[in-house]
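Down below is the structure, laid out as C-alpha cells.
The values are calculated or read from the model by the stated rules, or taken from the named source; none is laboratory data. Everything numeric in this text was worked out from a predicted model, so none of it was measured. Cβ atoms come from the backbone with ideal geometry, glycine included; neighbour counts cover every protein chain shown. Accessible surface areas use protein heavy atoms only, side chains included; no ligands, DNA or RNA. Shrake-Rupley method; radii C 1.70, N 1.55, O 1.52, S 1.80 Å.
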Amino acid sequence: MELTLNENILLVSDLHVNHKKLCTSYEEHFDRTRKYQTIEEMNDDIVKQWNSVVSPDDTVIFLGDFTLGTPGSQLLEVFGDYYTNKLNFKHMYMIRGNHDYALFKKIYPVKDMFPNITLVKDYILLNHNDKNYLIQHFNYDETVNKHDGTTGDPTVLNHYLQAGTKLDYLVHGHTHEFNKTNVLQNHNCNFVENNVSWEAWYRPVRLNELTKTIDE
C-alpha cells in the first residue's frame with residue numbers, strides 16, 4: 001500500500017495485549033521484558049499511554065502484533081472492545097504482524113463493523129514531507145519463519161532498493177528492543193532503521209517526533 005498523508009500521524013507496534021510473558025513477574029519472562037508486574041497493569045497502561053498522545057482526530061499506523069495470549073474465540077470481542085471503548089484515533093492502518101494472522105481472519109469477514117480500520121497485509125510506503133518511509137512489521141535483518149510458513153526476510157525492502165526507489169527511513173516493530181534508531185549504511189543501502197515497538201517508546205510516537213529523533 002502506498003500513502004501520502006498530510007494529517008497527524010502516529011506509529012506504534014507490538015502492543016501484545018494480554019501477553020503475560022512480557023511482564024516482569026512471569027518466572028520465564030523474556031530478556032526484553034517490560035516494566036509491568038501483571039497483565040492488567042500492562043493493558044491499562046497501554047491504553048493510558050496511547051490516549052495520552054493520540055487524540056480522536058489522529059491517524060495511527062499500527063505495525064503489527066495487537067494481542068498474544070487471547071483465546072481465538074475471544075479475539076474479535078477483545079479487539080472490538082479496544083476499538084470501540086478504549087483507544088483514541090480517527091483512523092488506524094493495521095499492518096499484519098507475525099502474531100496477527102488469526103485476528104485478521106476474524107476481522108476480514110466483518111470489517112464493515114470497523115469502518116475506521118484499514119487492514120494492510122504487509123507494508124506501507126509512505127511519502128511525507130518529501131521523505132519516503134517503508135513501514136512494515138519486520139526489521140531489516142529478520143529472517144525467522146512466520147506463522148504462515150513464509151519467511152520474514154526483507155523482500156519488500158529489497159524490491160524497492162533494486163527498483164532504485166530512494167528510501168529515507170525503514171520503520172518497524174517486531175524486535176521488542178529498547179533502541180529507537182539504527183543507521184544502515186551497508187547492504188547496498190543508506191537509510192535509517194527506526195524501531196516503534198512498545199518497548200522502545202512505551203507509547204505511540206508522532207512521525208515528526210520520530211524524524212527529529214533520527215536526525216538528532
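Taking the options K121, K90, K111, K48, name whichever one is in contact with a helix residue (DSSP H, G or I) (Cβ under 9 Å, 6 or more places away or on another chain) and either open to solvent by 30 Å² or more (accessible area, probe 1.4 Å) or basic (K, R) (or both). Outline the logic, then answer.
Details: K90 fails: in contact with a helix residue (DSSP H, G or I) (Cβ under 9 Å, 6 or more places away or on another chain); K111 fails: in contact with a helix residue (DSSP H, G or I) (Cβ under 9 Å, 6 or more places away or on another chain); K48 fails: in contact with a helix residue (DSSP H, G or I) (Cβ under 9 Å, 6 or more places away or on another chain).
It is K121.
Quick check on my filter: what residues within the range 99-128 are part of a loop (DSSP other than H, G, I, E, B), out of contact with any His (no Cβ under 6 Å at 6 or more places or on another chain) and touching a residue at least 24 places away in the same chain (Cβ under 8 Å)? It would help to see each step written out before you state the result.
Looking only at the range 99-128, we keep the residues that are part of a loop (DSSP other than H, G, I, E, B), and these are 99-100, 114-116, 121-122.
Still in the running and out of contact with any His (no Cβ under 6 Å at 6 or more places or on another chain): 99-100, 114-115, 121-122.
Passing the criteria: H99, D100, F114, K121, D122.
Out of the residues in the range 15-32 that are touching an Asp or Glu at 6+ places or on another chain (Cβ under 8 Å) and at pLDDT 90 or above, which is nearest to L87 (Cα to Cα)? Spell out the reasoning first.
First pass over the range 15-32, keeping only residues touching an Asp or Glu at 6+ places or on another chain (Cβ under 8 Å): 15-16, 21, 23, 32.
Keeping just the survivors that are at pLDDT 90 or above gives 15-16.
On the way: L15: 12, H16: 14 Å.
Among residues in the range 15-32 that are touching an Asp or Glu at 6+ places or on another chain (Cβ under 8 Å) and at pLDDT 90 or above, the one nearest to L87 (Cα to Cα) is L15.
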Open item on the list: Any residue that is touching a helix residue (DSSP H, G or I) at 6+ places or on another chain (Cβ under 6 Å), under 20 Å from H176 (Cα atoms) and of a type outside the set (D, E) - is there at least one of those in the range 71-83?
Closed with: no
Open item on the list: Given (1) farther than 20 Å from L15 by Cβ; (2) modelled with pLDDT under 80, identify the lone condition not met by G152.
Closed with: (1)
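From T24, T33, T70, which residue is among the polar types (S, T, N, Q), buried (at least 17 other Cβ atoms within 10 Å of the Cβ) and in a loop (DSSP other than H, G, I, E, B)?
Numbers: T24 fails: buried (at least 17 other Cβ atoms within 10 Å of the Cβ); T33 fails: buried (at least 17 other Cβ atoms within 10 Å of the Cβ).
It is T70.
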Open item on the list: Anything in the range 55-82 that is over 15 Å from the mean Cα position of the chain (by Cα) and farther than 21 Å from K20 by Cα? List them, or say none.
Closed with: S55, P56, D57, D58
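Is there a residue being touching a Gly at 6+ places or on another chain (Cβ under 6 Å), outside any helix (DSSP H, G or I), at pLDDT 65 or above and over 19 Å from R34 (Cα atoms) anywhere in the range 138-146? Break it down stepwise before answering.
Initially, the range 138-146 is screened for residues touching a Gly at 6+ places or on another chain (Cβ under 6 Å), giving 138, 142, 144, 146.
Keeping just the survivors that are outside any helix (DSSP H, G or I) gives 138, 142, 144, 146.
Cutting the leftovers down to at pLDDT 65 or above gives us 138.
Subsequent filtering for residues that are over 19 Å from R34 (Cα atoms) retains 138.
Within the range 138-146 (the criterion being touching a Gly at 6+ places or on another chain (Cβ under 6 Å), outside any helix (DSSP H, G or I), at pLDDT 65 or above and over 19 Å from R34 (Cα atoms)), the answer is yes, since at least one residue qualifies.
What about Q49, is it in a loop (DSSP other than H, G, I, E, B) and either out of contact with any Asp or Glu (no Cβ under 9 Å at 6 or more places or on another chain) or aromatic (F, W, Y) (or both)? Break it down into steps so the answer makes sense when it comes.
On the way: in a loop (DSSP other than H, G, I, E, B): no; either out of contact with any Asp or Glu (no Cβ under 9 Å at 6 or more places or on another chain) or aromatic (F, W, Y) (or both): yes.
Spelling it out, it is not the case that Q49 is in a loop (DSSP other than H, G, I, E, B) and either out of contact with any Asp or Glu (no Cβ under 9 Å at 6 or more places or on another chain) or aromatic (F, W, Y) (or both).
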Task: V78 being closer than 18 Å to L126 by Cα, in contact (Cβ under 8 Å) with a residue 60 or more places away in the chain, of a type in the set (V, I, T) and buried (at least 17 other Cβ atoms within 10 Å of the Cβ) - done: no
